[in-house]
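**Q** I am attaching a structure below and will ask some questions about it afterwards.
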């Protein structure tokens, strides 16, 4: 009997090591995971943070920490701190949390983008004045982008005889929308890649 117990202990995988194994599973599969519940809940928490859903991320990490072994809870708490800092657009706290994890902190450009996002789209629970400021900044940004798009269209159409104001405004709007869509796709891909690399290093 004692040798069998030792074999079971050797075969048991830690929560952090199990995260790599579960990474490719869907949210539904992770929610139903029972054998590696702590790892599954940690992944769900990180995914919620990527969607900037701080409340859901916090709940998943609470479940992950409660299901984890005592010696693994400190690392999961640090992962939770980093994920929640991302979800709540707290650039300074994100940098500090990543350093506590022993990982490379986000670049200055990434932290600046997170700060800007925090201004434009405040996290859940932000005050009404902060939200009103975000709406005002978004409206100003839209006007600036429309002016830039209109100017680009005017310059392109100038050799062809120019374009009327409303036509240039509509085409400029389409140009801006296309540019933002491309930037959004590229940005999300880079973010997913960076987060996946961070999880792999943390679980390794």
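**Q** What number goes with the only condition from (1) part of a helix (DSSP H, G or I); (2) touching a helix residue (DSSP H, G or I) at 6+ places or on another chain (Cβ under 6 Å); (3) touching a residue at least 60 places away in the same chain (Cβ under 8 Å) that residue 55 does not pass?
**A** (2)
**Q** Report, by residue number, each residue of region 81-115 that is part of a helix (DSSP H, G or I), over 18 Å from residue 64 (Cβ atoms) and touching a helix residue (DSSP H, G or I) at 6+ places or on another chain (Cβ under 7 Å).
**A** Within region 81-115, the first condition is being part of a helix (DSSP H, G or I), and the residues that meet it are 81-87, 91-100, 108-115.
Remaining after also requiring over 18 Å from residue 64 (Cβ atoms): 91-96, 98-99, 108-115.
If the condition is that a residue be part of a helix (DSSP H, G or I), over 18 Å from residue 64 (Cβ atoms) and touching a helix residue (DSSP H, G or I) at 6+ places or on another chain (Cβ under 7 Å), then 91, 93, 94, 95, 98, 111, 114, 115 are the ones that fit.
**Q** A follow-up question, please. Output the residue which, of all residues in region 163-179 that are at pLDDT below 80 and loosely packed, with under 12 Cβ neighbours inside 10 Å, is farthest from residue 110 (Cα to Cα).
**A** Per the stated criteria, the residue is 164.
The values are calculated or read from the model by the stated rules, or taken from the named source; none is laboratory data. Nothing here was measured: the structure is a model prediction, and the numbers come from that model. With ideal geometry, Cβ positions are generated from the backbone for all residues, glycine too; neighbour counts draw on all protein chains shown.
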